[in-house]
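The values are calculated or read from the model by the stated rules, or taken from the named source; none is laboratory data. Keep in mind the model is a prediction, meaning the values are calculated, not measured. Here the Cβ is made from the backbone with ideal geometry for all residues, glycine too, and neighbour counts use every protein chain on show. Ligands, DNA and RNA are excluded from the accessible area calculation, which covers all protein heavy atoms including side chains. Shrake-Rupley method; radii C 1.70, N 1.55, O 1.52, S 1.80 Å.
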Amino acid sequence: IPVDPFDLVIFGGTGDLARRKILPGLFRRFCAGQMPPEAQIIGAARSELDDEGYRDFVRDAIHEFAGPLSEDDAQIDEFLERVGYVAIDAKGEGGWEELKSRVRDDLVHAFYFSVAPALFGDIAERLHLHGLAGDESRIVVEKPFGKDLDSAKALNATLAKHFHEQQIYRIDHYLGKETVQNLMAVRFGNVLFEPLWNAQYVDHIQITVAETVGVGGRGSYYDASGAMRDMVQNHLMQLLCLIAMEPPAKFDPDAVRDEKLKVIRALEPVEPHHIVRGQYDKSANSQGYRQDVENPRSFTESFLALKLHISNWRWAGTPFYLRTGKKLKARTSEIVVVFKDAPHSIFGADAGRHRNVLAIRLQPNEGMTLDVTIKEPGPGGMRLIDVPLDMTFADALGPEAEQATEAYERLIMDVIRGNQTLFMRGDEVEAAWAWTDPIIAGWTARSDVPKPYDQGGSGPEDSMMLMHRDGRRWRELK
Ligand code: BG6
């Protein structure tokens with residue numbers, strides 16, 4: 001369904017995120033027929049480019065990152081007719097009047113702040129000064145949204161000077177992933193799961209976001225952040241909220257976000273011995289974390305595993321184990337719900353221990369499996385085995401599922417539609433930092449040193465022990 005005609009201004013329009021994600025994503029939406037002919041995309045950055053120069057930049061970005069569609073030169077040309085550029089000085093006056101003359105007041109217009117957070121205030125202020133911050137304007141802001149509670153509050157306050165909360169779209173791209181939204185559909189669209197979705201039936205829940213990549217070229221950002229700020233405070237926290245929240249009354253932005261907020265506020269402080277930090281070591285043919293970030297004394301974690309408790313009626317006593325890390329053996333993001341044993345085994349001790357396990361794979365090969373216990377076929381008597389009911393979405397739903405809209409595309413279209421459901425509200429971000437800050441402060445106070453771990457493995461041994469101590473184990477990374 002096409003969205004309304006719009007103007008989208010991308011501050012940081014020549015930056016890495018614009019090149020890799022935003023512009024190729026917009027092009028894919030254009031090819032899908034979702035962008036009306038009147039839509040206009042304006043890159044805004046410091047470089048002295050003109051419209052033609054920027055179109056060349058966008059063309060290259062599409063060729064490099066838009067996948068199979070990037071072959072279609074006619075479509076690219078048509079898309080580029082909608083693209084323009086204004087050279088702008090975020091901290092000065094240059095370019096703002098020109099931008100003002102290009103943005104059409106009577107259309108939906110959104111300003112994407114794909115810039116360092118230090119510039120958010122300057123840009124918001126100038127949008128206001130030049131009459132671009134009307135009640136109908138929307139702004140999109142990227143993570144990192146602060147580095148602790150104080151800085152997040154300061155950012156929220158800065159934006160609130162010129163924009164209402166309903167105009168602010170804080171991106172967490174995990175919320176734009178197809179299967180992440182599917183979590184809500186699975187939980188609240190089926191009668192099967194929800195009655196069992198509580199401490200009475202669930203033994204524990206695992207959330208894993210494992211990556212094979214290292215810190216790449218982002219060493220200085222990453223070394224000041226670590227896995228806690230880079231992944232846990234936002235992406236894993238959002239997954240935790242969606243898996244643990246109460247059913248919202250409606251699929252509407254505030255109803256959903258109110259419930260997520262309650263989860264974060266119900267998190268218990270984490271015991272230090274329920275946290276394992278790791279840092280990838282050097283290997284025979286690859287540098288270690290400290291060389292990658294060029295900081296030989298870095299104590300920043302590139303791996304984090306932790307055990308959490310949510311103190312409310314639904315989850316009291318059910319642990320949630322979270323882990324994320326770089327340079328691990330597989331790129332896997334999944335949520336695993338391990339149900340409790342049947343209360344009594346009529347098959348006797350020899351039948352062994354069998355549990356229902358629901359694994360929701362976010363990436364790659366999005367899908368779900370549910371391990372069900374059945375009789376082992378054959379004449380061997382009543383022996384039990386677990387078999388997965390396997391639903392890989394691409395198999396079940398055909399190739400369209402494989403080409404599912406990428407996170408950024410979906411989120412940008414939601415901005416244009418004015419739907420904030422998949423965006424973080426200011427109080428959610430603050431609550432997440434309020435939970436994160438004391439943990440990080442504890443590490444600093446104890447001069448905590450992350451455990452080295454082998455590249456291509458499953459993280460530090462201690463993260464296995466975190467589970468083994470409780471008689472549980474992580475699902476294997478594959
Ligand atoms: C980003 C983090 O937000 O998410 C990166 O800053 C991480 O460090 C990335 O690699 C993971 O995203 P995805 O979509 O590849 O799982």
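So for region 362-382 (the condition being under 15 Å from ARG475 (Cα atoms) and in contact with a Gly (Cβ under 7 Å, 6 or more places away or on another chain)), does at least one residue qualify? Checking region 362-382: not a single residue is under 15 Å from ARG475 (Cα atoms) and in contact with a Gly (Cβ under 7 Å, 6 or more places away or on another chain). The residue that is modelled with the lowest pLDDT, counting only those in region 68-126 that are under 30 Å from the mean Cα position of the chain (by Cα) and of a type in the set (Ser, Thr, Tyr), is SER70.
Could you tell me which residue of region 121-152 is most open to solvent (accessible area, probe 1.4 Å), considering only residues that are closer than 15 Å to ALA45 by Cβ and in contact with a strand residue (DSSP E or B) (Cβ under 7 Å, 6 or more places away or on another chain)? Give the steps one after another, and end with the answer.
First, pick out the residues of region 121-152 that are closer than 15 Å to ALA45 by Cβ: 122-123, 126, 142.
Now drop any that are not in contact with a strand residue (DSSP E or B) (Cβ under 7 Å, 6 or more places away or on another chain), which leaves 123, 142.
Values: ILE123: 2, GLU142: 20 Å².
Among those that are closer than 15 Å to ALA45 by Cβ and in contact with a strand residue (DSSP E or B) (Cβ under 7 Å, 6 or more places away or on another chain), it is GLU142.
Does PRO438 qualify as being surrounded by fewer than 19 Cβ atoms within 10 Å (Cβ to Cβ), within 23 Å of the chain's Cα centre (by Cα), closer than 27 Å to GLY214 by Cα and assigned by TED's automatic domain parsing to the domain that holds LEU261? Break it down stepwise before answering.
On the way: surrounded by fewer than 19 Cβ atoms within 10 Å (Cβ to Cβ): yes; within 23 Å of the chain's Cα centre (by Cα): yes; closer than 27 Å to GLY214 by Cα: yes; assigned by TED's automatic domain parsing to the domain that holds LEU261: yes.
Criteria met by PRO438.
Among the residues of region 288-322, the one identified as among the basic types (Lys, Arg) and under 21 Å from SER333 (Cβ atoms) is LYS307.
Checked against the criterion of being modelled with pLDDT under 95 and not in a loop (DSSP other than H, G, I, E, B), region 45-53 contains not a single residue that satisfies it. Per the listing ARG353, ARG290, ARG277, ARG297, the residue uniquely at pLDDT below 95 and more than 18 Å from the chain's Cα centre (by Cα) is ARG353.
Look through VAL293, VAL270, VAL263 and report the one residue that is within 26 Å of HIS468 (Cβ to Cβ), open to solvent by less than 30 Å² (accessible area, probe 1.4 Å) and not acidic (Asp, Glu).
Values: VAL293 fails: within 26 Å of HIS468 (Cβ to Cβ); VAL263 fails: within 26 Å of HIS468 (Cβ to Cβ).
Every option except VAL270 fails the conditions.
Please go through region 299-348 and give me each residue that is small (Gly, Ala, Ser) and away from the ligand (no atom under 16 Å from the Cβ), ordered by number. Matches in region 299-348: ALA305, SER311, ALA316, GLY317, ALA342, SER345, GLY348. When PRO364 is tested against (1) of a type outside the set (D, E, K, R); (2) modelled with pLDDT under 90; (3) at positive phi, just one condition goes unmet, and that condition is (3). Within the bounds of region 299-321, is there any residue that is without any contact (Cβ under 8 Å) to a residue 24 or more places away in the chain and in contact with a helix residue (DSSP H, G or I) (Cβ under 7 Å, 6 or more places away or on another chain)? Within region 299-321, none of the residues are without any contact (Cβ under 8 Å) to a residue 24 or more places away in the chain and in contact with a helix residue (DSSP H, G or I) (Cβ under 7 Å, 6 or more places away or on another chain).
Restricted to strands (runs of 3 or more DSSP E) entirely inside region 71-165, those with at least 1 residues that are among the polar types (S, T, N, Q) are 137-141. Here VAL276, VAL256 are screened, and the one residue that is more than 28 Å from ASN190 (Cβ to Cβ), crowded, with 18+ Cβ neighbours inside 10 Å and assigned by TED's automatic domain parsing to the domain that holds SER298 is VAL276. Count of region 25-44 residues, restricted to those that are assigned to a helix (DSSP H, G or I) and open to solvent by 40 Å² or more (accessible area, probe 1.4 Å), is 1.
Among the residues of region 175-195 satisfying the criterion of being within 13 Å of the ligand (Cβ to nearest atom) and in a helix (DSSP H, G or I), which is nearest to TRP313 (Cα to Cα)?
Step one: filter region 175-195 for residues within 13 Å of the ligand (Cβ to nearest atom), giving 175-180.
After this cut, where a residue has to be in a helix (DSSP H, G or I) as well, the list is 175-176, 178-180.
On the way: LEU175: 26, GLY176: 29, GLU178: 29, THR179: 27, VAL180: 24 Å.
Going through the qualifying residues, I end up with VAL180.
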